[in-house]
Amino acid sequence: MNRSEFILATAVILFVAFMLGWFASWLVNRFTRVTKAEIGELDRMAQALHEAEETRDQAITYLQQREAEITNQLAQTEAELRAAMDGLREARQDAEELRAKYEA
């Protein structure tokens, strides 16, 4: 192989390598390219996600408020029940005392 054949072979190999690199770059660009329509869709999805998160936060706040109200109502009801049971216990004791006095 003389000098000009070597130069020609090297040039062909470099050209083929360049073409393969360019083709690979084109394929990667083709498959990873984001169009304006896709960007618009991504913006709409981001907005929908933001609204969903706000709705979720509002629902959590509402549920926490309702839980606090129901817990308060339960505490009041239990206090009323204890007071009623104490009153009933005292009424039974008074009735027993009156019954004992009446029988005596």
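For the range 53-104, a residue qualifies if it is small (Gly, Ala, Ser) and exposed (fewer than 10 other Cβ atoms within 10 Å of the Cβ), and the qualifying residues are Ala100, Ala104. For Glu69, the requirement of being modelled with pLDDT under 95 and assigned to a helix (DSSP H, G or I) is not met.
Within the range 1-14, no residue that is assigned to a helix (DSSP H, G or I) and of a type outside the set (A, V, I, L, M, F, W, C) sits with its Cβ atom under 9 Å from a residue that is modelled with pLDDT of 95 or more and surrounded by fewer than 10 Cβ atoms within 10 Å (Cβ to Cβ) at 6+ positions apart or across chains.
The values are calculated or read from the model by the stated rules, or taken from the named source; none is laboratory data. Predicted, not measured: the structure shown is a model, and the values here were computed from it. Cβ atoms come from the backbone with ideal geometry, glycine included; neighbour counts cover every protein chain shown.
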